[in-house]
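The structure appears right after this line, and notes come after that.
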Amino acid sequence: FEARNMIVAEGSVRVLMPGGQQLSANRIEYYGDTKTTELFGDITLLDGSMTLTTNRLTWRRTGSYGYYVGGGMLQDPSNQLYSRRGYYYSEPKVARFTEDVRLFSADYRVRTDTLDYDMGPRRARFVAPTWMFGADGGVSY
């Protein structure tokens, strides 16, 4: 793999990133020429109080962001967000969720197609038609 500037690791793989984030997966493939890591199976990204889980993730060191296309979940102390596709940017700590997005909190549930989430203040911004269901049974669109 040296001639291709590539590293493959299998098993219970853990990566500690310069920003303090931790990635774990069953398998990783790192491509040095593009500074891209492909992760496979039982993936967890820990970044402070936030946890992102999925089964397939691409991480780009240039730009410090990752994305998944096969479904994933982000969880922090206040919310759980599910989507088919998602982008996570480690600086600033923001995420974009697309395709069948669901957000759950103690006070409400949300369904939409696209949602931006700022992990600092734990604030969601709706950028597509959105259904919001309150804990009291109320519905907003």
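The values are calculated or read from the model by the stated rules, or taken from the named source; none is laboratory data. None of these values were measured; they are calculated from a predicted model. Calculation scope for accessible area: heavy atoms of the full protein, side chains included, ligands and nucleic acids excluded. Shrake-Rupley method; radii C 1.70, N 1.55, O 1.52, S 1.80 Å.
Side notes on the structure shown:
- For the chain: accessible area per residue (Å², 1.4 Å): 57
- Element breakdown for the chain at a 1.4 angstrom probe: carbon and sulfur atoms account for 49% of the accessible area.
- Under Karplus coefficients 6.51, -1.76 and 1.60, residue-wise ³J(HN,Hα) of the stretch 63-71 in Hz, glycine/proline x: x, 6, 9, x, 8, 10, 10, x, x
- With Cα atoms as the point set, the radius of gyration and Dmax of the stretch 77-141 evaluate to 11.5, 37 Å.
- Multiplying the residue separation of Arg111 and Thr58 by 0.36 nm and removing their Cα-Cα distance gives an extension gain of 16.6 nm.
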